[in-house]
Amino acid sequence: MRMNLLLTALTLAIAWPLAGGAEEAHDHAAAPPAQGVAALSQPLREALSAEMQAVQAGMIGVIPALAAGNWDEIAAIGTRIRDSYIMRQSLTPAQLEELHEALPPDFQALDARFHQDAAMLIHVAEAKKPELVGYYVGRMMEACVACHSRHATEKFPALAAQAGAEQHAH
Ligand code: HEC
């Protein structure tokens, strides 16, 4: 009797974690957890899309402004991009938490660098330095591809191949 109880206890002790593990593995197979932007709630993802469209409109506007030496306009565009920084938008604390959890540190580092370059763009436009304006615009354009090829391949599938090629080269 004693022996039987002990055996039952042992069997349970061994079987429980196994059963739990099997269940977990099954859950993962059934529904792989969403990651990155795909894990964002709809309102947050829409806010990101809206920010991106504003960023793109700003970048397009830099060309005629630079060609005309319209430094104030370039500085204004830089300011709008810098201040559109998704982390600094008027998000609720819960949404900020959600962003930090969904978007990997790599995304946040690219985002931070992009907005630092926008701040530099304001600075060099105010200093009326066309070569440096071109330099920072170039850096900002590289950031579009760098971030999209890692974090927006659902939206831009053509850049998924790019990310793969770069990984091979490193
Ligand atoms: C730090 C990351 C990051 C940087 C830098 C970045 N983007 Fe994006 N962008 C994204 C992500 C992520 C998406 C996809 C959003 C989605 O799938 O919902 C996106 C989507 C877009 C979209 C589509 C928006 C829509 O849903 O209609 C445009 C347009 C865009 N980006 C333009 C740009 C341009 C132009 C630049 C550079 C000047 C740029 N982005 C820089 C992360 C970035």
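List, in order, the whole-Hz ³J(HN,Hα) value for each residue of region 148-157 obtained from phi through the Karplus relation with A = 6.51, B = -1.76, C = 1.60 and θ = phi - 60°; use x for Gly and Pro.
Couplings: 4, 6, 9, 10, 9, 6, 5, 6, 10, x Hz.
So what are the ³J(HN,Hα) numbers for region 41-56, from phi and the Karplus equation (6.51, -1.76, 1.60; θ = phi - 60°), rounded to whole Hz, Gly and Pro as x?
Whole-Hz 3J(HN,Hα) from phi for region 41-56: 5, 4, x, 5, 5, 5, 4, 5, 4, 5, 4, 4, 5, 5, 4, 5.
Assuming R0 = 22 Å, can you tell me the calculated FRET efficiency for the pair A94 and A38, based on Cβ-Cβ distance, to the nearest 0.05?
According to the calculation, E is roughly 0.70.
For the full complex of protein chains and a 1.4 angstrom probe, list L132, L103 by accessible area with the highest value first.
My answer, sorted largest first, is L132, L103.
Would you mind classifying region 36-169 by shape? Square roots of the alpha carbon gyration tensor eigenvalues, ordered a ≥ b ≥ c; an a/c under 1.5 is rounded, otherwise it is prolate if a/b is larger than b/c and oblate if not.
oblate
Using the crude model of +1 on Lys and Arg Cβ and -1 on Asp and Glu Cβ, and no other charge, please compute the dipole size for region 66-137 relative to its Cα centre, in debye to 20.
280
Out of residues 5 or more away from L40 or on other chains, whose amide H comes under 5 Å of its own, with H placed 1.01 Å from N in the peptide plane?
none
Quick one: 3J(HN,Hα) in Hz for region 110-118, Karplus 6.51/-1.76/1.60 with θ = phi - 60°, rounded, Gly and Pro as x.
Computed from phi, the couplings for region 110-118 are 5, 4, 5, 5, 4, 6, 5, 5, 5 Hz.
The values are calculated or read from the model by the stated rules, or taken from the named source; none is laboratory data. A quick note: this is a predicted structure, and the numbers were derived from the prediction, not measured. Positions of Cβ are backbone-derived with ideal geometry, glycine not excepted, and every protein chain shown enters the neighbour counts. Just so you know, the surface numbers come from the protein's heavy atoms only, side chains and all, with ligands and any DNA or RNA stripped out. Shrake-Rupley method; radii C 1.70, N 1.55, O 1.52, S 1.80 Å.
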